[in-house]
Structures are given as C-alpha cells and as structure tokens.
1. Taking R0 as 25 Å, what FRET efficiency do you get between B:A44 and A:E122 from their Cβ-Cβ distance, rounded to the nearest 0.05?
2. Given the alpha-carbon gyration tensor of region B:1-108, what are the semi-axes of its equivalent ellipsoid in whole angstrom, ordered largest first, with each equal to the square root of 5 times an eigenvalue?
3. In B, who owns the beta-carbon nearest the axis carrying B over to A, and how many Å from it?
4. Tell me which residues come under 5 Å, amide H to amide H, from A:T119 once H is placed; ignore anything under 5 positions away on its chain.
5. I need the inter-copy label distances for B:N38: point set 7 Å along Cα to C-beta, values in nm with one decimal, smallest first.
6. Find the all-direction average of the projected area of the Cα convex hull for the protein assembly as shown, expressing the result in square nanometres with one decimal place.
7. All other residues with a Cβ under 12 Å from the Cβ of A:F129 taken together, and with Lys, Arg as +1 and Asp, Glu as -1, what is their net charge?
8. Name the most mobile residue of A:G14, A:G60, A:G36, meaning the one with the largest mean-square fluctuation, in a Gaussian network model of chain A with Cα contacts below 10 Å.
Number of protein chains: 2
Amino acid sequence: MKPLTIGRLASETGTTVETVRYYERAGLIPAPARTGGNYRSYRAQDLERLRFIRRTRDLGFTLDEVRALLEMAGDRDRDCGTVDALASRHLEEIDRKIADLTVLRRELAGVIASCAGGTVAECRILEAFAPSVGQVRS
Amino acid sequence: MKPLTIGRLASETGTTVETVRYYERAGLIPAPARTGGNYRSYRAQDLERLRFIRRTRDLGFTLDEVRALLEMAGDRDRDCGTVDALASRHLEEIDRKIADLTVLRRELAGVIASCAGGTVAECRILEAFAPSVGQVRS
DNA sequence: CCTTGACCCTGTAGCAGCTACAGGGTCCAT
DNA sequence: ATGGACCCTGTAGCTGCTACAGGGTCAAGG
C-alpha cells in the first residue's frame, strides 16, 4: 500500500492541496507522517476521513459540525441519537434558508415584473428600492 | 433641518454605526461633512441613499451589485434595461440557490430517515457520510 | 464649574472557509 | 545535469460586517 502525497489525496477527494492543508491547520485531519523530503504522507484512513469531511461539507454542515460528527463517528458505542439530532437541526436550518430565499425571490420577482422599460427616471425597479420618493443622490 | 449624527442615521435605517462607517470605507456612501468636534454630519439624501442600500442588501444583492445599482440610479436618462438585467441575473442566482438547497435538503432528509437509532456503530447516518465501508479513523 | 454618561472618533483584528500568492525545496525522468 | 511537476512554509486576501481598545466630545444635572 503506497502512501499518498497531498496532491493525490486532494484529487481523489475532489479538493485542492491548499484545502487539505487548511483542514489540517483547522484540526479536522491529523498531521500526517512526513517523508525524508518533508512531504506529507497519507494513508487509507486519511482518505476515508477526508471523504467524510467532503461529503458532510457538501451537505452544508459547518466545519464545527463536521468536527462534532467526526468525533461522534469515532465513538462506536455512543448512542446515535446525538448524530440524528445534529443532522435534524441542520435540516431545519436548510429549511429556514429555503423559506427565506423563497420570500426574497417572490419579492424580487414582483419588483422586476413592475418594470415597463424606459429611462432610469421612470424605472419602477429603482423606485421599489428607494423607500421614499425622489432620486438617490450623491 | 437638523443634521443627523451617525447614530441617528444608523437607527433610522436599521443598521449600526459600525456598518455605516464600513459603507463609507467601502465607497457606498460619500464621506459626509464634519462638525467642529469631528463628528460625521449627514443630510436627508444620505438617509435616502442608506435606505436604498439596506433595501437592496436585504434583497440579497452583493455590495458590488449595490454599487452598480446606485450608479445607475444616479443617471436619470439612462435606459433602465441595465437595471432590469442586473436584477434578473440576481433573480436567477437566487433560483439556483433555492434549487441547490432543495436538492441538498432532499438528500439530507433521506439520510436522516434511514436512522433507526442504536449505537454509532450501526448508525445509518454516519454510514451515509462515509462513502466506503469502515470506521472513520483518527 | 465640574462631573457623568452617552455618544462619537480612528485603527486594528476577528469571523468562515477557503484561495492565492511568494519564495523556496524535492523528486523523477530524460 | 536539467527541467518541470510536485511539495514546503508563511502570509495576505476575499465578503460583509462586528468587536474591540483607547481615546475625544457634548449636554444635562448637581
């Protein structure tokens, strides 16, 4: 089993070298062994761990949450309710974001629909942005 | 018409003093006149301008986009098509975000639904996060 | 007149989560 | 031996604020 360079590790997990080093600094992956030439040398479990991180990051978990999930994953006998709770909280967060964006989308679409062309002076869009009447000056 | 202090300007527009100063540094609002005691002194049009900024920020435009909108708003004879275009591009962006979050939401909800409790060792959630089989180690 | 407290000033550093250098060293194939 | 692809550390930048520290100003109350 040949050890992985940081470049291979990165490309196998769809990240970049810089990001891997950043994760190391951020304490998400342990500092790996070094070769004679001071190159980082990774093993299969590092690949696993990084994939786990990528997957959870892609699902929108923050680095703090990822750290927590990693810790939970390491403790095989723990009740998985905490994992469920963290994931569920995150799901609610996503729902909130979707709801917020949906409101915003409707509002913006309304503003845009009111535009009938013409010059800026007659523009309904800018009018909708300026809460009271009159030009936005200087 | 009494001039506004930065504190009043901020509270009237639902921002903070720090944010107003930040907008000045960022070139969104012009540097105002100063009083004898070196206090910033704002006028009615600054209030307008700041409200415009807040409104567009609340609609999710970036500071760069807000800067562009402000510039457009200042040129009364310009065709408002550019405004429409910018707003429409932003709407598409929001739609993309909603779509992305919706995909992600479905995926995460699926992962969570698979959890039947038990210990971490049996946890389907963590299993779903770990792309291949086996513990996420050290 | 003096003090107190609310406000204001500048400048700098911090947050998340990377990304992008600069200025070097290493490794491998030709 | 040389070239190019890779690796190293360290630092600064991005967005859009927010949070100090360490001062100055102003108006009201005693």
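1. Values: r = 23 Å, r/R0 = 0.91.
Efficiency computed from Cβ-Cβ geometry: 0.65.
2. Numbers: eigenvalues 212, 70, 19 Å².
Calculated on Cα positions only, the semi-axes equal 33, 19, 10 Å.
3. B:I98, 3
4. Counting only residues 5 or more places away or on other chains, the set is B:C80.
5. When each copy's label point is compared with this one, the spacings are 4.7 nm.
6. Details: hull surface 83.0 nm².
Mean shadow area of the hull around the Cα atoms is 20.7 nm².
7. Around A:F129, the charge tally is +1.
8. Of the options given, A:G36 has the highest mean-square fluctuation.
Values quoted throughout were computed directly from the atomic coordinates according to the rules given, and no laboratory measurement underlies them. These numbers were taken from a predicted model, which means no experiment stands behind them. With ideal geometry, Cβ positions are generated from the backbone for all residues, glycine too; neighbour counts draw on all protein chains shown.
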